[in-house]
Every structure is written in structure tokens, then in C-alpha cells.
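The values are calculated or read from the model by the stated rules, or taken from the named source; none is laboratory data. Just so you know, these numbers come straight off a predicted model, no measurement behind them. With ideal geometry, Cβ positions are generated from the backbone for all residues, glycine too; neighbour counts draw on all protein chains shown. Ligands, DNA and RNA are excluded from the accessible area calculation, which covers all protein heavy atoms including side chains. Shrake-Rupley method; radii C 1.70, N 1.55, O 1.52, S 1.80 Å.
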Amino acid sequence: MRITSKGQVTIPQAIREQAGLLPNTEVEFLVEEGSVRLIKAARARRPTRGARAVRRLREHGGRIPMTTDEILALTRGEA
């Protein structure tokens, strides 16, 4: 296996599956006694796109003093 000019290496599928390394999994590199270990990060360093969207919705959700029926009427052009 070789490292590309961009510093990338492909982890074989069997190893990814065994370690539970799914796409977008945060990992860390540890240098120990002349070798390098790749481990799953304890937690994501930054929120995912979905988590950010949910946070924004929760932050702004209670600011609209309209009922669900009123909002739907607006989106349907019934107002």
C-alpha cells in the first residue's frame, strides 16, 4: 500500500468494516514507538451538517407567533 502525493491512503474495506469506520467518521492519529495508529475520535470535533441544521431550527423555532394552520395557509397561497 502506498501513500499518495496528497498524503492519502486507502483503508481496505474489510478493515473499515471491522473497525466501524464509516464515511465521515472522525479519526485521530497517534504516534507510538515509531509506528502510527489510527483510532476513532472520542467525539466529533465539529457538528455534522444535519446537527447544525437541527440546532438552527431549534434556536429559531419558537419565534414565530403563528399556528401550524396559518403557516400552511401561507405556503399554499391561501392567505
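If Glu70 satisfies every condition in (1) in a loop (DSSP other than H, G, I, E, B); (2) open to solvent by 60 Å² or more (accessible area, probe 1.4 Å) but one, which is the exception?
Answer for Glu70: the failing condition is (1).
Taking the range 1-17 as the search range and keeping residues that are open to solvent by 100 Å² or more (accessible area, probe 1.4 Å) and of a type outside the set (A, V, I, L, M, F, W, C), which one is nearest to Ile39 (Cα to Cα)?
Top of the filtered list is Glu17.
Would you please name the residue that is least open to solvent (accessible area, probe 1.4 Å), looking only at residues in the range 24-46 that are modelled with pLDDT of 90 or more and not in a strand (DSSP E or B)?
It comes out as Gly34.
When you look at Arg63, is it out of contact with any Lys or Arg (no Cβ under 8 Å at 6 or more places or on another chain) and modelled with pLDDT of 85 or more, yes or no?
Against the criterion (out of contact with any Lys or Arg (no Cβ under 8 Å at 6 or more places or on another chain) and modelled with pLDDT of 85 or more), Arg63 does not qualify.
Looking at the range 12-21, is at least one residue in contact with a strand residue (DSSP E or B) (Cβ under 9 Å, 6 or more places away or on another chain), among the hydrophobic types (A, V, I, L, M, F, W, C) and in a helix (DSSP H, G or I)?
For the range 12-21, residues in contact with a strand residue (DSSP E or B) (Cβ under 9 Å, 6 or more places away or on another chain), among the hydrophobic types (A, V, I, L, M, F, W, C) and in a helix (DSSP H, G or I): present.
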